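Below you'll find the structure, written out as C-alpha cells, and then a few comments.
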Amino acid sequence: MVATLLREIPLQGGDVTDGVVRVGDTVRRPSSTSTPSVHALLRHLEAAGFDGAPRVVGMDGAGRQILTYVPGTTGLRLESVSDGALAELAVLLRRYHDATAGFPLSAKGWEGGSNDDKSPEVIGHCDLTPENVIFRNGSPVAVIDFDLARPTTRLFDIVTTLRHWAPLADPLDRHPLLRSLDVGARLRLFCDAYGVPSRDRRRLLELARVRFQRSYTVMRTRATTGGNWAKMWAGGAGERIRRAAAWLDVHEDELHAHLV
Ligand SMILES: Nc1ncnc2c1ncn2[C@@H]1O[C@H](COP(=O)(O)OP(=O)(O)OP(=O)(O)O)[C@@H](O)[C@H]1O
Ligand SMILES: [Mg+2]
C-alpha cells in the first residue's frame, strides 16, 4: 500500500515543464524563481474560498513543489469545446480573478512583467490552455500551472484564454475539434458569461493583436535559451503566431461586430 502511494507517475500535458509527477493525492513540480509568489497566491485563493485551483502542500526534499492533485481530465475533448463549457470557463476565470482581489499587484517575483500597458488589475493566470484546465463531467472545475501568472489586466487574461478556446487561430493550426466553430459567436458568449464591460469588448481584438506581437518576441527570445522553448520554436510556434495574426487581420471586422 505504502509503495503504491509513493510511486511517481509522470504527468504529461504541456510543453514546458519536464518532471511533473503524481504521487498519491499530490503533484510534484519543479520549482522556479516565481514559486514563492505562486504559492502565496494559491494560499490567498484558498483563504478566499476559491476551490478552482490546487492547494499548496509544501516543498519536498528534492526542492520540488508539492500541490494537491485535482481529479479530472485535461486537453481538448468533444465536451470541453461545447458552448456550454466555454461559458463555464468564462465564469471560472471571472471567479478566479475576483478571488485574487486583495493580493499585492507588485511586479516583483513573477515570471515577467505585465503584458498590458494599462495598470494591472489582477494576478492573471496568463496561460489558460486546454492542458491547464481540469474538467470533470464536461465542466471546467479548476485551473493549474501558474508558472506564467503575473499582475496584468483582466482583459489580457481573457484574450489569452480566447486565443486557445475561441480560438483566435488560423483554422490550419487549430485542433480538429476547434476547426469549424463560430469564433465571433464564441467571443461574445465568453464576454457575456464573464461580464466583460463594453469598453473592454471594444479593445479586445486590438489587445489580441498586441499579444500576438509580444508573444512572438518573447518566445523567440526564450527559444535562444534552449530546452523546451527552443523545441517549441523549432516546431513552428512562431509561424503559428504569425498565421494567427494574419487570420485576425482578415477577420477582424466580422469578429468585432460580435463584440459591439
Ligand atoms: N495539480 C494537478 N492536478 C491534476 N493534474 C495536474 C496537476 N498539475 C499538473 N497536472 C497534470 O499534469 C500536466 C502537466 O502539468 P503542468 O501543466 O503543471 O506542467 P506543464 O504543462 O508541463 O507546463 P507548461 O504548461 O508550462 O508546458 C497537466 O496538463 C495536467 O494534466
Ligand atoms: Mg501546463
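What follows is calculated from the coordinates using simple rules that are stated; it is not laboratory data. These numbers come from a predicted model, not from an experiment. With ideal geometry, Cβ positions are generated from the backbone for all residues, glycine too; neighbour counts draw on all protein chains shown.
Tabulated results
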| read-out | value |
| --- | --- |
| Vicinal HN-Hα couplings computed from phi for the range 208-221 (Karplus, 6.51 cos²θ - 1.76 cosθ + 1.60; Hz; Gly/Pro x) | 4, 5, 4, 4, 4, 4, 5, 4, 4, 5, 5, 5, 5, 5 |
| Share of Cα-Cα pairs in the range 101-243 lying beyond 23 Å, as whole percent | 38 |
| Within-15-Å neighbourhood charge of VAL133 [Cβ basis; K, R +1; D, E -1] | -3 |
| Charge dipole of the range 78-256 about the Cα centre (unit charges at C-beta), most positive-ward option of ALA223, LEU181, ALA166 | ALA223 |
| Degrees separating the helix 35-47 axis from the principal Cα axis of the chain, which is the longest one | 90 |
| Per principal axis, descending, Cα span of the chain in whole Å | 59, 40, 38 |
| Under the Debye formula (equal points on every Cα, no solvent term), log10 I(q)/I(0) of the range 2-68 at q = 0.17, 0.25, 0.28 Å⁻¹ | -0.64, -1.19, -1.30 |
| Relative contact order of the range 103-260, pairs being alpha-carbon contacts under 8 Å that are 6 or more residues apart, as % | 22 |
| About the Cα centre, charge dipole magnitude for the range 87-164 (Lys/Arg +1, Asp/Glu -1 at Cβ), debye | 180 |
| Distant-in-sequence amide H partners of SER31 (H built 1.01 Å from N, under 5 Å) | GLN65 |
| For the range 1-123: span of alpha carbons on each principal axis (Å, largest first) | 50, 38, 29 |
| Between the range 104-139 and the range 27-91, the alpha-carbon center distance in angstrom | 12 |
| 0 to 90° range, to nearest 10: angle between helix 83-99 axis and the chain longest Cα axis | 60 |
| Size of electric dipole in the chain: Cβ of Lys, Arg +1 and of Asp, Glu -1, about Cα centre, debye, nearest 20 | 340 |
